[in-house]
Amino acid sequence: MTHDPRRTSWSGTVPYHFAREHRPHDLDSLRALVAGSSHLRPVGTAHTFNDLPDAAAGAEVAAVSVAAFDELQVGDDRTWVRVGAGLTHAQLAVALEPHGLALENLASLPHLNVAGAVATATHGSGVRTGNLATQVRAVELVLASGDVVTVRRGDRDFDGTVVGLGALGVVTSLELDVVPAVDHRQVVLLDGDPETLPDRLASVLALGRSVSVFTLWDGSADRVWVKSRDGDPELGLATTGLAPMTGEQHPIPGLDPVHCTAQQGVPGPWVERLPHFRPGFLPSVGDEVQSEFHVPFEHAADAARAVRAVGEHLAVALQVAEIRAVAADTLWLSPQFGQTTCSFHFTWVGDTVLADAAARVVEEALAPFAPRPHWGKHFTLDVRRAYPRIDDFRALRDRLDPDRTFVNPWLERVLLDG
Ligand SMILES: Cc1cc2nc3c(=O)[nH]c(=O)nc-3n(C[C@H](O)[C@H](O)[C@H](O)COP(=O)(O)OP(=O)(O)OC[C@H]3O[C@@H](n4cnc5c(N)ncnc54)[C@H](O)[C@@H]3O)c2cc1C
């Protein structure tokens with residue numbers, strides 16, 4: 001049950017400071033572990049780009065992974081499933097396959113742990129599609145006391161619990177909305193007129209079910225990934241100026257697309273089209289830092305112009321940038337709380353000094369639009385005024401974990417104190 005702890009995040013850019021790592025195999029062992037711990041941090045697949053999951057340096061804090069919690073139960077009416085919190089989206093897709101069921105949306109890669117993705121409001125894209133936390137209809141978690149609670153959609157604490165940042169307890173299972181699995185397809189389109197992209201951004205992001213605009217913010221041609229499922233209307237490209245690209249593409253220009261999901265309209269399973277990267281392959285390049293800033297969708301054009309204006313200052317650190325849309329929700333710590341967002345993502349080089357400097361340039365450029373950063377990516381913004389329900393979240397956290405078992409330096413610095 002006790003293992004050598006992870007020493008860094010997935011990217012290797014964030015050092016971790018855990019004294020040990022526990023991987024309990026059943027609920028009773030987990031409950032005993034939690035009740036007997038003064039400090040503990042839940043970890044998923046460690047794909048965050050800051051010290052959100054980490055322990056305090058020099059402190060006797062253990063990590064706990066629920067990777068062994070991998071069960072799947074299909075709801076009677078086939079509109080929901082109960083999944084063990086240890087599954088990754090790729091593993092969940094394999095488990096759903098015989099049942100002919102799917103998730104409505106996914107992030108850019110399926111290697112993420114479902115619970116870790118939900119805890120940070122990880123998202124895919126779609127003006128009418130919420131982030132992955134909005135797929136949740138119930139959360140089961142082990143509280144600091146060792147008690148097990150299930151919080152359901154409609155319960156008083158639900159909207160505060162789902163995007164919990166590992167601050168409320170250890171999530172052991174989730175009930176998720178599911179849809180019938182149908183074939184999906186994606187096309188990559190070339191946009192030869194990047195100077196006017198900000199004016200067209202809102203309509204480009206509404207082109208299909210899930211749209212990602214990849215750009216270098218340097219005036220070179222942008223590329224637009226559009227994903228759709230069987231039964232969706234044909235893409236109306238006639239007046240958009242966008243043209244289908246021939247040949248497979250990698251989001252980062254110049255990289256071999258061998259790890260990317262199939263393009264050019266070839267039909268295939270949802271888990272091999274909604275993400276940009278294929279299950280079973282090393283996603284992206286690994287040696288990277290990511291940042292992302294969500295702004296209200298009505299500011300999409302102005303925000304894009306503001307980033308374009310500082311594009312030359314980003315070039316030294318930027319591998320590629322991605323623009324997506326995410327629909328509004330009611331989850332207290334979701335960046336989409338009360339607002340559909342236009343979301344500006346940046347994959348920086350793995351040099352944390354360069355990445356930090358570039359992220360600060362973006363933060364300053366987007367400041368007029370009240371950006372909310374992605375919880376799991378690199379940022380320096382003070383977020384405490386960005387979330388209208390933050391005091392409610394603090395009160396919920398105080399109630400569920402009065403002795404601060406799950407609180408770490410990141411939570412104190414970014415969310416709880418001050
Ligand atoms: C290559 C790459 C691509 C990405 N693409 C996207 C994308 O398309 N869209 C997007 O929005 N984000 C994306 N991300 C960011 C990523 O989705 C988030 O950082 C997410 O939180 C990662 O989940 P994880 O389990 O790896 O996180 P971890 O770092 O392990 O954990 C994240 C948080 O979840 C908590 N947590 C984990 N497990 C539990 C549990 N069982 N109970 C309670 N709390 C728990 C942790 O305490 C921590 O606070 C990407 C990251 C990478 C590296």
| request: May I ask for the distance between the Cα centers of the stretch 333-386 and the stretch 75-108, given as a whole number of Å? | output: 30 Å
| task | Please find, in a Gaussian network model of the chain (springs between Cα atoms separated by less than 10 Å), the residue of Leu255, Leu174, Leu132 whose mean-square fluctuation is greatest. | result | Leu255
| field | Prolate/oblate/rounded label for the chain (Cα gyration tensor, a/c 1.5) | value | prolate
| said: Within the chain, what whole-number % of the accessible surface is contributed by carbon and sulfur, with the 1.4 Å probe and all protein chains included in the calculation? | reply: 51 percent
| How much length is gained if the chain between Val353 and Thr330 is pulled fully straight, taking 0.36 nm per residue apart and subtracting their Cα-Cα distance, in nm to one decimal? | 4.8 nm
| request: Determine the per residue accessible area of the stretch 143-233 with all protein chains present and a 1.4 angstrom probe, expressed in square angstrom. | output: 35 Å²
| Does the stretch 235-301 classify as rounded, prolate or oblate by the C-alpha gyration tensor (a ≥ b ≥ c root eigenvalues; a/c under 1.5 gives rounded; else a/b over b/c gives prolate, otherwise oblate)? | oblate
| Say R0 is 25 Å: what FRET efficiency, to the nearest 0.05, do Ala238 and Ala309 get from their beta-carbon distance? | 0.20
| Among rounded, prolate and oblate, which fits the stretch 184-373 when a ≥ b ≥ c are the square roots of the eigenvalues of its C-alpha gyration tensor, a/c under 1.5 means rounded, and a/b larger than b/c means prolate? | rounded
| Which order, highest average first, do 368-378, 196-206 follow once you tally other Cβ atoms within 10 Å for each residue and take the mean per peptide? | 368-378, 196-206
| field | Kirkwood Rh (inverse of mean 1/r, distinct Cα pairs), the stretch 56-211, angstrom | value | 17.3 Å
| note | The farthest towards the positive end of the charge dipole of the chain, of the residues Gly44, Gln264, Phe406, given +1 on Cβ of Lys and Arg and -1 on Cβ of Asp and Glu, is Phe406
| request: Would you mind calculating the gained length between Arg413 and Glu363 on full extension (0.36 nm times residue separation, minus the Cα-Cα distance), in nm to one decimal? | output: 16.2 nm
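The values are calculated or read from the model by the stated rules, or taken from the named source; none is laboratory data. In this text the structure is predicted, and so the values were computed from the model without any measurement. Methodologically, a virtual Cβ is constructed for each residue, glycine included, from the backbone with ideal geometry; neighbour enumeration extends over all protein chains shown. Remember, those area values only see protein heavy atoms, side chains included, never the ligands or the DNA or RNA. Shrake-Rupley method; radii C 1.70, N 1.55, O 1.52, S 1.80 Å.
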